[in-house]
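Quick notes on the structure that follows.
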Amino acid sequence: MGVADPLVQFSLLGEAIDGAPVAVLVADDAGRYLAANRSACKLLGYSREELLELSIRDVAIVDDVEAHLQESMTGQERRGAYDLRRKDGTTTRLRYRAGRTRLAGMSCSIVVGVEAAAGDE
């Protein structure tokens, strides 16, 4: 089995994403988190187990979270920045790119982002 084998690629890619220096969050259509990498957990101050008990509603600080969730289901790639509430109650700004993907046979949203520098929009 070489590195080009699909199973090896999935394994390597999964490890690379989990250790990546960017936050990666995957949510279902109801906004519940299905997966989070180590950087996302560290950024938000939650263990992976704690974060996977939450939804976008629990951490995203947006004017209309329901509209934001509906927009995420359109399938169009989105990018921008929004504030997130950490476990300790502080906030941070995330610059992100988001889109739709399939995970374990179901459609879901994936967000990849980095913490914005002070004053960064």
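Among the residues of the stretch 96-119, those that are among the small types (Gly, Ala, Ser) and farther than 12 Å from residue 34 by Cα comprise 98, 99, 105, 113, 116, 117, 118, 119. Summed over the stretch 82-92, the residues that are part of a strand (DSSP E or B) and either at pLDDT 95 or above or within 10 Å of residue 59 (Cα to Cα) (or both) give a count of 5. The number of residues in the stretch 1-59 that are in contact with a Gly (Cβ under 7 Å, 6 or more places away or on another chain) and either small (Gly, Ala, Ser) or assigned to a loop (DSSP other than H, G, I, E, B) (or both) comes to 3. Just a yes or no: is a residue in the stretch 3-21 without any contact (Cβ under 8 Å) to a residue 24 or more places away in the chain, under 21 Å from residue 117 (Cβ atoms) and hydroxyl-bearing (Ser, Thr, Tyr)? Taking every residue of the stretch 3-21 in turn, none turns out to be without any contact (Cβ under 8 Å) to a residue 24 or more places away in the chain, under 21 Å from residue 117 (Cβ atoms) and hydroxyl-bearing (Ser, Thr, Tyr).
So, residue 110, is that one within 30 Å of residue 2 (Cβ to Cβ), touching a Ser or Thr at 6+ places or on another chain (Cβ under 9 Å) and aliphatic (A, V, I, L, M) or not?
Yes, satisfied.
Within the stretch 102-118, is even one residue surrounded by fewer than 12 Cβ atoms within 10 Å (Cβ to Cβ), charged (D, E, K, R), assigned to a helix (DSSP H, G or I) and modelled with pLDDT under 95? No, that holds for no residue. Candidates 30, 36, 81, 98: the one that is in contact (Cβ under 8 Å) with a residue 24 or more places away in the chain and surrounded by 15 or more Cβ atoms within 10 Å (Cβ to Cβ) is 98.
Are any of the residues in the stretch 39-52 on the phi < 0 side of the Ramachandran plot, under 12 Å from the mean Cα position of the chain (by Cα) and touching a residue at least 60 places away in the same chain (Cβ under 8 Å)? Yes, there is a match, as at least one residue in the stretch 39-52 is on the phi < 0 side of the Ramachandran plot, under 12 Å from the mean Cα position of the chain (by Cα) and touching a residue at least 60 places away in the same chain (Cβ under 8 Å).
The values are calculated or read from the model by the stated rules, or taken from the named source; none is laboratory data. Quick caveat: nothing in here was measured; it's all calculated off a predicted structure. With ideal geometry, Cβ positions are generated from the backbone for all residues, glycine too; neighbour counts draw on all protein chains shown.
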